[in-house]
């Protein structure tokens with residue numbers, strides 16, 4: 001019986017230090033029916049040449065060179081090229097266990113789920129496992145159940161939003177791509193829209209993905225003054241919209257989403273820099289959405305923005321963060 005083809009998508013930007021470890025782990029999978037689509041996102045350290053040399057003798061490896069456009073654009077380019085029945089993502093500084101694809105594909109095929117969510121191991125530079133994030137149960141859930149328990153699943157270390165450790169049907173992402181403007185939580189934005197289209201989701205405790213903590217070129221250490229908080233607000237307003245459509249913007253889900261919105265909107269009002277200035281006009285428009293969400297603690301700030309007293313608004317935001325418990 002012919003096995004399902006899996007497209008493994010690997011965005012690469014200046015990762016020559018890690019590729020000699022990452023690529024062998026991907027290419028030595030016990031599951032053999034896969035293609036590896038590596039996108040060289042304008043690397044300047046020889047990563048592209050390394051990928052080209054690897055692809056010459058191995059027909060499974062396909063290299064897409066492009067000018068540097070960011071990880072979201074790189075993943076989109078690979079999604080457009082992918083031909084697999086299923087899609088998985090990997091990062092160029094991580095490694096995977098030999099049975100990673102086999103386990104995820106089997107879980108999808110046996111359960112019939114549209115998406116498989118597995119765990120990941122957090123490792124240090126020596127390859128030692130220093131932590132683990134994984135679902136609590138092996139179970140098949142409807143999309144309605146995923147959104148009903150959204151606060152629990154996403155509250156588990158952000159598990160629903162991780163790009164890695166998941167496998168999904170390629171047909172599911174028809175019309176869905178990563179937003180190339182986003183530099184943070186672009187994977188959460190992408191996967192929430194996938195869950196919205198899915199019928200069933202399979203969660204498994206298995207963790208075959210090894211996520212390197214503190215890798216070079218990681219965006220995880222960005223200064224608070226360089227984060228585009230307005231984009232984060234928009235992501236969470238989108239999540240609120242999807243939760244509302246499923247009748248799940250209530251109770252603990254609402255408290256969870258409102259806390260995220262509260263934190264990001266206050267940060268957007270508080271942090272400003274020459275790199276990323278908050279647009280007062282856009283803030284006024286978004287504050288109208290925030291009032292509709294119903295976060296009472298933010299209403300004074302929204303009112304201050306609407307009457308163009310941005311300085312007082314930032315003073316309020318500072319007090320809100322310091323004394324109001326915004327995370």
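The values are calculated or read from the model by the stated rules, or taken from the named source; none is laboratory data. Predicted model only: the values in this text are computed from it and were never measured. Cβ atoms come from the backbone with ideal geometry, glycine included; neighbour counts cover every protein chain shown.
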What is the one condition in (1) under 18 Å from residue 185 (Cα atoms); (2) modelled with pLDDT of 95 or more that residue 67 does not satisfy?
(1)
Filter the strands (runs of 3 or more DSSP E) completely within the stretch 1-99 down to those with at least 3 residues that are surrounded by 22 or more Cβ atoms within 10 Å (Cβ to Cβ).
6-12, 34-41, 86-89
Would you check which residues across the stretch 163-184 are within 24 Å of residue 244 (Cβ to Cβ) and crowded, with 20+ Cβ neighbours inside 10 Å and list them?
168, 178, 182
Residues of the stretch 103-136 classified as in a loop (DSSP other than H, G, I, E, B), exposed (fewer than 15 other Cβ atoms within 10 Å of the Cβ) and at pLDDT 95 or above, total
1
Restricting the search to the stretch 137-176, which residues are in a loop (DSSP other than H, G, I, E, B) and farther than 30 Å from residue 83 by Cα?
137, 149, 156, 157
Can you name every residue in the stretch 189-239 that is touching a helix residue (DSSP H, G or I) at 6+ places or on another chain (Cβ under 8 Å), modelled with pLDDT under 95 and part of a loop (DSSP other than H, G, I, E, B)?
224, 227
